[in-house]
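Presented below is the structure to which this report refers.
The values are calculated or read from the model by the stated rules, or taken from the named source; none is laboratory data. Remember, it's a predicted structure, so these values are computed and weren't measured experimentally. Here the Cβ is made from the backbone with ideal geometry for all residues, glycine too, and neighbour counts use every protein chain on show. Side chains included, ligands, DNA and RNA excluded: accessible areas come from the protein's heavy atoms. Shrake-Rupley method; radii C 1.70, N 1.55, O 1.52, S 1.80 Å.
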Amino acid sequence: MKIAIGLSGGVDSSVAAYLLKKQGHELVAMFMQNWHDTTGTLHGDCPWKDDLAIAELVAKKLDIPFHYVDLSADYSKKVVDYMFSEYEQGRTPNPDVMCNREIKFDAFLKAAVDLGVDYVATGHYCRKGEAQRDGKTYYQLLAGVDGNKDQSYFLCQLSQEQLAKALFPIGDLLKPEVRRIAHEQGLPTADKKDSQGICFVGKIDLPVFLQQKLAAKEGNIVEIKSGIYEKLAKPESNDLEGLSTPYRYYPNNGKKVGTHNGAHFYTIGQRKGIGVGGHIEPLFVIATDIATNTVYVGEGHDHPGLNRKGLFIKSTEIHWVRPDRAMMVGEERSYLVRVRYRQALQEAKLYMREEGLYIIFEELQRGITAGQFAAWYDGEELLGSGVIAR
RNA sequence: UGACCUAUGGUGUAAUGGUAGCACAACAGAUUUUGGUUCUGUUUGUCUAGGUUCGAAUCCUGGUAGGUCAA
């Protein structure tokens with residue numbers, strides 16, 4: 001079997017490469033470069049140069065041919081433009097989910113197939129399974145065995161076609177085991193720190209990064225006291241619509257407590273960067289309004305505006321990794337759901353309706369944010385996902 | 001205009017005349033392949049000019065600023 005391994009210059013993909021090599025597969029290593037710019041980058045002069053050099057060392061060490069592909073045009077268009085566009089519209093995108101769907105398992109996968117490979121392997125902490133249904137084989141996206149590092153969430157937008165070509169060699173290892181193997185094999189990445197931030201772009205100061213394209217614009221920060229909710233209480237707060245719709249605020253619902261330099265630089269649940277003190281408990285962003293350029297904040301973790309019972313996904317933005325298990329309109333099912341990476345799975349009930357999917361949680365959820373992805377699981381299998389509309 | 005009250009880090013507040021503390025904010029580090037969260041640590045202050053006292057945020061006097069009541 002001929003396999004391409006995407007080497008990032010990190011320890012996970014290095015060990016993945018080693019494992020495939022040991023299994024006797026014909027391997028080619030590929031390093032993809034997706035970003036050159038370092039504007040807004042925090043620790044970075046040129047992190048990708050180091051990564052490239054290290055990836056090359058790993059390939060040499062394992063004695064596998066090394067290829068370099070530049071996908072920065074695709075990345076810029078499919079990931080970075082999407083990012084700016086979402087922020088501009090007041091939503092909070094998830095660039096890494098998009099990067100996996102559009103780059104690693106699309107542009108990159110195609111480049112690998114052009115080299116004549118059967119599969120593309122990555123260093124993701126997740127597993128691929130197979131299920132039979134009506135005489136057909138379906139690929140399953142399963143959580144990584146290491147519950148602490150499970151990255152299935154970032155792959156929640158993959159299709160059957162993409163999954164068919166994918167391999168995840170380290171999915172049933174724990175991170176410490178991966179480190180140990182790297183040490184035993186003397187891989188140059190053995191002690192390399194795990195990467196953080198937007199993959200390929202790196203750890204950035206987001207407002208600085210965004211200000212490359214989005215203009216700063218001064219506006220008001222308005223504090224909403226938890227007392228007003230009794231008056232705002234929605235009449236039909238127990239139907240799907242009510243449970244999955246956030247409160248709508250107006251500047252006169254609260255008091256101006258400060259100014260910000262652009263509502264689109266803030267996201268719900270955010271604590272740092274509000275710059276308003278003098279409270280007993282920290283302030284969190286509970287809503288932003290691009291139209292009036294207002295950031296609404298509330299005091300304390302338990303503020304009623306910060307925690308919600310449900311969310312809504314438009315029908316056009318529902319994605320089933322397992323199309324054979326898609327819900328019919330009118331159907332209701334109980335699944336485990338997460339709305340961000342590394343969040344513990346939450347019990348929830350899904351209601352499929354004509355207009356879209358309603359997800360109502362057992363417990364209140366903090367910081368549900370439009371533009372982020374909700375992913376639902378049946379046990380350890382990720383069945384589907386979608387963009388949170390509200 | 002008269003009477004009274006208040007003045008402490010960037011903000012909100014503590015401190016029987018005896019080492020100015022806490023919270024929030026800010027900053028830094030840790031955690032984290034999104035945004036964000038969380039954890040740890042650090043910086044910064046007694047409105048001003050005098051006086052009493054061994055010693056003043058604290059007591060006294062003037063100034064300045066803000067507030068309340070009266071007109």
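Post the alpha-carbon centroid distance, segment A:53-72 to segment A:84-145, in whole angstrom. Their Cα centres are 21 Å away from one another. Using C-alpha pairs below 8 Å separated by at least 6 residues, the relative contact order for segment A:58-179 is 24 percent.
Descending by average beta-carbon neighbour count within 10 Å, the peptides A:169-178, A:133-142 line up as A:169-178, A:133-142, the highest first. Per residue, segment A:243-390 exposes 44 Å² of solvent-accessible protein surface, assessed with a 1.4 angstrom probe and all protein chains in place.
Solvent exposure of segment A:55-172, expressed per residue, is 41 Å² of accessible area, with all protein chains present and a 1.4 angstrom probe. Counting only DSSP H runs of at least 4 residues, each contributing -39500 (n - 2.57), and dividing by the residue count of chain A, the helix-based mean residue ellipticity at 222 nm comes to -5000 deg cm²/dmol.
Stretching A:E130 away from A:Q343 to a fully extended chain increases their span by 74.1 nm, per 0.36 nm per residue minus the current alpha-carbon distance.
A compact globular protein would have a Cα radius of gyration near 2.2 N^0.38 Å; the ratio found for segment A:172-283 is 1.68. Beta bridges per DSSP, both residues in chain A: antiparallel share near 75 percent.
Distance from the C-alpha centroid of segment A:192-267 to that of segment A:287-357: 16 Å, rounded to the whole angstrom. Bridgeable lysines around A:K77 (alpha carbons under 28 Å apart, same-chain partners fewer than 8 residues away excluded): A:K49, A:K104, A:K110, A:K165, A:K203, A:K213, A:K217, A:K314. Each residue, A:A215 and A:E230, gets one label point 7 Å from its Cα in the Cβ direction; the gap between the two is 4.4 nm. Residue order by solvent-accessible surface for A:K203, A:K149, A:K193 is A:K193, A:K203, A:K149, largest first, with ligands and nucleic acids left out and a 1.4 Å probe.
A 1.4 Å probe over all protein chains sorts A:S385, A:S195 by accessible area into A:S195, A:S385, starting with the largest.
Expressed as a whole percent, the accessible surface of chain A that belongs to carbon and sulfur atoms is 48, based on a 1.4 Å probe.
Residue separation of A:M328 and A:D378 scaled by 0.36 nm, minus their Cα-Cα distance, works out to 16.3 nm of gained length.
Relative to the longest principal axis of the Cα atoms of chain A, the long axis of helix A:47-62 makes an angle of roughly 30 degrees.
Spin-label pair A:H67-A:Q89: with each label point 7 Å from Cα along the Cα-Cβ axis, the two points sit 3.5 nm from one another.
With a ≥ b ≥ c taken as the square roots of the eigenvalues of the C-alpha gyration tensor of segment A:45-203, please select rounded if a/c is under 1.5 and otherwise prolate if a/b is larger than b/c or oblate if it is not? Since a/c stays below 1.5, the shape of segment A:45-203 is classed as rounded.
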